[in-house]
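The values are calculated or read from the model by the stated rules, or taken from the named source; none is laboratory data. The shown structure was predicted, so the numbers you read here are calculated from the model rather than taken from an experiment. Virtual Cβ from ideal backbone geometry, glycine too; neighbours counted across all protein chains shown. For accessibility, only protein heavy atoms count, side chains too; no ligands or nucleic acids. Shrake-Rupley method; radii C 1.70, N 1.55, O 1.52, S 1.80 Å.
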Amino acid sequence: TLAALRDLAAAARARSLAKVFAVTGSSGKTSSKELLAGACAALGPSHAAVASYNNHWGVPLTLARMPRETAWAVCEIGMNHAGEIRPLTRLVRPHAAIVTNVGQVHLEHLGSREAIADAKAEVFEGLESGGKVILPRGDDFFERLASAARERAAEVISFGAHPASDVRLLDYRPQGEGGMVEAHFFGRALTFRVPFAGRHQAINALGALAALHALGGDLERALEGLASLKPLAGRGARGRLKLPGGREIILLDESYNANPQSVAAALAVLGEVEPAGAGRRIAVLGDMLELGPEAGQLHAKLRGALLAAGVSHAFLCGRLMKHLADALPSNLTVVHAGDSQALAELLLPALADGDVVLVKGSLGSRMKHIVDALVAEEEETGRGGANAL
């Protein structure tokens with residue numbers, strides 16, 4: 001079945017005249033894919049991966065579903081072992097490839113960030129002739145990735161906050177569920193609204209716009225496409241929930257997945273949201289998985305990001321999050337449970353009116369159970385659930 005699906009994907013790609021993007025990276029892949037897909041949708045017939053369909057099933061399924069008339073296509077490519085991106089990028093044959101970053105993800109399988117960078121660089125092996133590579137200039141492995149790209153005769157375009165970036169973030173200001181971005185875009189001033197919250201999403205948006213520009217996309221129309229986007233459930237969706245007892249909270253749903261970099265970014269977003277009245281900032285975090293022998297230390301290091309966000313209550317679950325629980329100061333309220341189901345039972349009655357609640361953890365930590373439990377609490381009040389979620 002998988003071989004047949006790959007054959008369908010190859011046939012769909014062979015008949016296509018679309019400009020094709022590949023997006024990979026340790027974190028921010030799906031957000032960057034969504035930002036790029038939204039921008040492309042404003043330019044003409046477009047097609048993109050659904051949700052996080054980025055593995056050996058998801059990539060060929062994305063291509064096999066691509067209509068003949070597609071003009072712009074965005075494929076997300078993921079991995080957790082070396083060698084997994086290579087066959088997928090050769091199937092996608094992108095004209096442009098984005099690497100969002102190289103983080104501390106899948107260390108259990110790959111062993112080092114150098115190995116992660118090399119595995120991400122496999123995406124360049126499928127590039128079409130004259131391909132473009134869009135890289136984060138401030139990343140520790142920019143030069144390593146750029147060298148690998150140039151070996152494939154690809155043009156390297158950089159983005160980020162680094163002063164030498166081709167597309168450089170100058171300023172980000174939170175605004176509602178997104179933020180306002182000021183940037184230098186290939187030498188010109190650019191101001192626009194990013195629809196997803198957080199400085200990291202502003203950088204993701206600049207990478208997406210740089211890739212689109214590299215393949216001749218109209219920037220002004222692309223920005224109109226960005227403006228129409230909404231955050232995905234599990235990846236930054238924000239909603240107000242009315243809970244029993246007259247309590248109203250803001251829920252930041254980041255429950256789909258987690259690694260040290262993405263949790264720190266989500267905590268920074270939590271710090272940008274002002275609680276109402278006497279409300280509090282509450283972090284609800286589950287284990288980050290596949291981090292190898294340093295997993296406990298990496299969990300404990302989240303202490304700084306959590307304190308910087310102004311969190312007063314930390315609800316944590318899982319064996320690894322016990323390391324963070326033990327590292328937090330005594331002036332914080334810290335609750336730890338073995339799993340998300342047990343944690344939900346402790347969290348729900350502890351919430352107060354005006355609280356802002358962030359829920360995040362690796363997929364295997366099942367943090368969506370907590371989001372579902374919160375939404376179910378609202379539904380029981382007869383108000384019909386959280387519109388934004």
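Which residue, chosen from LEU209, ALA295, VAL284, occupies the Cα position most advanced towards the positive end of the dipole of segment 191-296, where the dipole is computed from +1 (Lys, Arg) and -1 (Asp, Glu) charges on Cβ about the Cα centre?
Final value for the positive-end residue is VAL284.
Where nothing but the Cβ of Lys and Arg (+1) and of Asp and Glu (-1) is charged, how large is the charge dipole of segment 34-181 around its Cα centre, in debye to the nearest 20?
On the way: 14 positive and 18 negative charges, 62 e Å.
Computed about the Cα centre, the dipole is about 300 debye.
In terms of Cα to Cα distance under 27 Å, which lysines are near enough to LYS322, apart from those fewer than 8 places away along the same chain?
Cross-link targets: LYS301, LYS360, LYS368.
Which length gain, in nm to one decimal place, applies between ALA10 and GLU125 when the Cα-Cα distance is subtracted from 0.36 nm times their residue separation?
Numbers: separation 115, 0.36 × 115 = 41.40 nm, distance 1.62 nm.
Separation in residues times 0.36 nm, less the Cα-Cα distance, equals 39.8 nm.
Quick one: which residues, 5 or more positions from ILE157 or on another chain, have an amide H under 5 Å from its amide H? H modelled 1.01 Å from N in the peptide plane, none for Pro or chain starts.
For ILE157, whose amide H was placed from the backbone, the distant partners under 5 Å are VAL133, ILE134, LEU135.
Using Cα centres only, tell me the gap between segment 13-55 and segment 264-315 in whole Å.
Cα centres, segment 13-55 to segment 264-315: 30 Å.
Using a Gaussian network model of the chain whose springs link C-alpha atoms within less than 10 Å, name the residue from GLY103, GLY271, GLY187 with the highest mean-square fluctuation.
GLY187
Along the positive direction of the dipole of the chain (beta-carbon charges: Lys, Arg +1; Asp, Glu -1; about the Cα centre), which of ALA344, GLN175, TYR53 reaches farthest?
TYR53
Lys/Arg Cβ at +1, Asp/Glu Cβ at -1, dipole of segment 1-142 taken about the Cα centre: which of ALA14, ILE85, ALA97 is farthest positive-ward?
It is ALA14.
Hey, got the dipole for segment 241-389? About the Cα centre, +1 on K and R Cβ, -1 on D and E Cβ, debye to the nearest 20?
Values: 12 positive and 18 negative charges, 71 e Å.
Here the size comes out at about 340 debye.
Where does each of PHE186, PHE196 land when they are ordered by accessible area, with a 1.4 Å probe and the largest first? Could the numbers behind the result be given before it?
Values: PHE186 80, PHE196 10 Å².
Descending order: PHE186, PHE196.
Select from ALA210, ALA51, ALA202 the residue whose mean-square fluctuation is largest in a Gaussian network model of the chain (Cα-Cα springs shorter than 10 Å).
Ranking ALA210, ALA51, ALA202 by mean-square fluctuation puts ALA51 first.
When the dipole is taken about the Cα centre of the chain, and only Lys, Arg (+1) and Asp, Glu (-1) are charged at their Cβ, what size is it in debye, to the nearest 20?
Working: 40 positive and 41 negative charges, 135 e Å.
Dipole about the Cα centre, nearest 20: 640 debye.
Read through the labelled values [x] 33, 30, 21; [y] 51, 27, 21; [z] 35, 22, 21 and report the label of the one computed as semi-axes √(5λ) of the Cα gyration tensor in Å from the structure.
Given [x] 33, 30, 21; [y] 51, 27, 21; [z] 35, 22, 21, the calculated one carries the label [z].
Using the Cα gyration tensor of segment 309-383, with a ≥ b ≥ c the square roots of its eigenvalues, what is the shape: rounded (a/c below 1.5), prolate (a/b larger than b/c) or oblate (neither)? Intermediate values should be presented prior to the final figure.
Details: a/c = 2.25, a/b = 1.38, b/c = 1.63.
It comes out oblate by the Cα gyration axes.
Please list log₁₀ I(q)/I(0) at q = 0.14, 0.15, 0.18, 0.21 Å⁻¹ for segment 86-183, using the Debye equation with identical point scatterers on the alpha-carbon positions.
-0.59, -0.66, -0.87, -1.03
Using a 1.4 Å probe over the heavy atoms of the protein chains, calculate the carbon and sulfur portion of the accessible area of segment 271-389 as a whole percent.
Values: 2550 of 5320 Å².
Answer for segment 271-389 is 48 percent, counting heavy atoms of protein chains only.
Per residue, what accessible area does the chain have, given a 1.4 Å probe and all protein chains present, in Å²? Please report the intermediate quantities before stating the final value.
Values: 15630 Å² over 389 residues.
Each residue of the chain exposes 40 Å² on average to a 1.4 Å probe.
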